[in-house]
Amino acid sequence: EHLSALLPRVSVSFTSTFIGGFIAFIFFSLCRKFGLSIKASIISVLILIFCTFILPYFKLFLRESLLTLCLLGSFYFLVSNNYQSYNKNSIFISGAFLGFGILTKFVFVINVPIFICYIILKAINNDRTRIIKDLVKFLIPILLIGFLGTALYNFFRFQDILNFGYSGGTTFTTPLYVGLYGLLFSSGKGIIWFAPMIVLLPFSISCFYKNNKYEVMLILSILIINLFLYSKYVAWGGDGSWGPRYLVPLLPLILVPVFFYIYNSSWRVKLIAYIFYFLGFMIQIGGISIYAGSYLRQINEYPYQREFSDPEFLYKSHYIPNFSPIVGHWQMLLRNLSNHFENKYPTFIIRKEVTSNRLPINHAQQDELLYTLDFWFTYAVYAGVSISFIIPIFIFASILLIVCLILLRKNIQKFNYVMNKNCLSI
């Protein structure tokens, strides 16, 4: 009778999942835009989702999935603007995506000057008469949605348009080399461990640069400015999350040249890429199966023992390889799976009156969260929902997925037929 206390949390938790679908669609379109085949584009989408650390964020109610959609959408519509067959709406839509990104997280505004430079460079190279018009179309939705929208939100919530609701952790005091090392190479947050295929990025740039000079400049500029900003941030690790949280929105953009390079390279490069794909997939299994905060509790680093500014903040999980979440999550997964097979899983008493916690359970039961598997159907079992009720839902969801895949296959075949017919008529 108290399960209704979970319904708002369940509903909200699916938000990022739907956003993930839009990300997949736009990323597929972007891959096609840069010349990848339909098959290669679909495979690239699957690799982005299942072989990088973006996957766990489709389960979490954090801003990173929405910021990823905003940055990817803005990039896609901006580079889709074709000066030979001018699309008058694409730049406006690009600005709208960027505006929503600013509304979601105001620091997103650091990307605006880079996009403006791209617009100017492309216009100079194609049609200089369009510079002012393009900039106006791009900036209007940014000003209305991003700046005005943020001001109104701050005013209605805090009665102050300059109050963004942050009470701490907003300084940029981390030494640059510490943050760069942490985000790129540290065992607990380094991007090369949570998305191994990123190693191929330096090799892919020259290949992609030949036909996409301005796009490479745009991607690298976005990567560098965000990397340097968050390397200086006091909480550079974005902790209580999986991998380098603040680099999640950059993943689709920096992987486009990588996929382009892989699909246009020799079998040796493809073989190396397949190894990276497999490693990335296995790493993400640990990430989606165990909640990130549970692992920090497991190694006694949560509740936090030190301030963000302390050089030894989360030292074990950040820097010591055998305490890396990649290792720790798998250890917890194997342990918890073993317990579940022996029917030794937690059960929780859901109480409406518990309002101070993210989950409506008593404080005494919180330690049992360490022995859970982080999936909706397992949480339903822990909360007392009958398995006989969950199985039909699971079967229905599986059938729906199969139907969607069949429809996708038919539409791809239809698209190929239309394209081949048009090519023959030409």
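The values are calculated or read from the model by the stated rules, or taken from the named source; none is laboratory data. Every value quoted in this text rests on a predicted model; they were computed, and no experiment measured them. Every residue, glycine as well, gets a Cβ built from its backbone with ideal geometry; the counts of neighbours run over all protein chains shown. Ligands, DNA and RNA are excluded from the accessible area calculation, which covers all protein heavy atoms including side chains. Shrake-Rupley method; radii C 1.70, N 1.55, O 1.52, S 1.80 Å.
Using helices alone, I'd like the mean residue ellipticity at 222 nm for the chain: each DSSP H run of four-plus residues gives -39500 (n - 2.57), total over residue count, nearest 500.
-19500 deg cm²/dmol
Among [x] 33, 25, 24; [y] 37, 27, 23; [z] 42, 23, 21, find the value of semi-axes √(5λ) of the Cα gyration tensor in Å that was calculated from the structure presented, and write down its label.
Answer by label: [y].
Per residue, how large is the accessible surface of the range 258-320? Use a 1.4 angstrom probe and give square angstrom.
Details: 3440 Å² over 63 residues.
Value returned for the range 258-320: 55 Å² of accessible area per residue.
Hey, any idea what the orientation-averaged projected area of the convex hull of the range 278-319's Cα atoms comes to, in nm²?
3.5 nm²
Which value in Å does the Kirkwood hydrodynamic radius of the range 76-179 take, with 1/r averaged over all unlike C-alpha pairs and then inverted?
15.3 Å
Full-extension gain between Phe22 and Ser80, please, as 0.36 nm times their residue separation minus the C-alpha to C-alpha distance.
Length gained between Phe22 and Ser80: 19.2 nm.
Between Cys404 and Thr15, what's the calculated FRET efficiency when r is the beta-carbon distance and R0 is 25 Å? Round to 0.05.
Using R0 = 25 Å, I get an efficiency of 0.80.
Hey, any idea what Rg/Rh is for the range 131-239, computing Rh the Kirkwood way over Cα pairs?
On the Cα set of the range 131-239, Rg over Rh gives 1.08.
Which loop-located GluC sites (Glu not before Pro) does the range 239-314 contain, where loop means any DSSP state but H, G, I, E or B and the Cβ has at most 12 other Cβ atoms within 10 Å?
Details: sites: Glu301, Glu307, Glu312; in loops: Glu301, Glu307, Glu312.
Hits after loop and neighbour filter: Glu307, Glu312.
Find how many whole Å separate the alpha carbon centroid of the range 132-146 from the alpha carbon centroid of the range 321-342.
Spelled out, the Cα-based centre of one part sits 49 Å from the other.
Using the scaling law 2.2 N^0.38 Å as the reference, what is the normalised Cα Rg of the range 290-395?
1.23
Helix by helix, which DSSP H runs in the chain go 30 Å or more along their axis at the Cα atoms and have an average Kyte-Doolittle hydropathy of 0.5 or more?
267-289, 387-425
What nm value, rounded to one decimal, do you get for the distance between Arg268 and Arg306 when each label is placed 7 Å out toward the C-beta?
4.4 nm
Can you tell me which of Gly328, Gly165, Gly293 moves the most in a GNM of the chain? Springs connect C-alpha atoms under 10 Å apart.
Highest fluctuation of the listed residues: Gly165.
Whenever you get a sec, compute what percent of the accessible area on the chain sits on carbon and sulfur atoms (1.4 Å probe). Show your work: numbers first, answer last.
Values: 15280 of 22480 Å².
So the carbon and sulfur contribution to the accessible surface is 68 percent.
Rg and Dmax in Å for the range 17-87, alpha carbons only: what are they?
According to the Cα coordinates of the range 17-87, Rg and Dmax are 13.1, 42 Å.
Lys and Arg at +1, Asp and Glu at -1: add these up for the other residues within a Cβ distance under 15 Å of Gly287 and post the number.
Here the count lands on 0.
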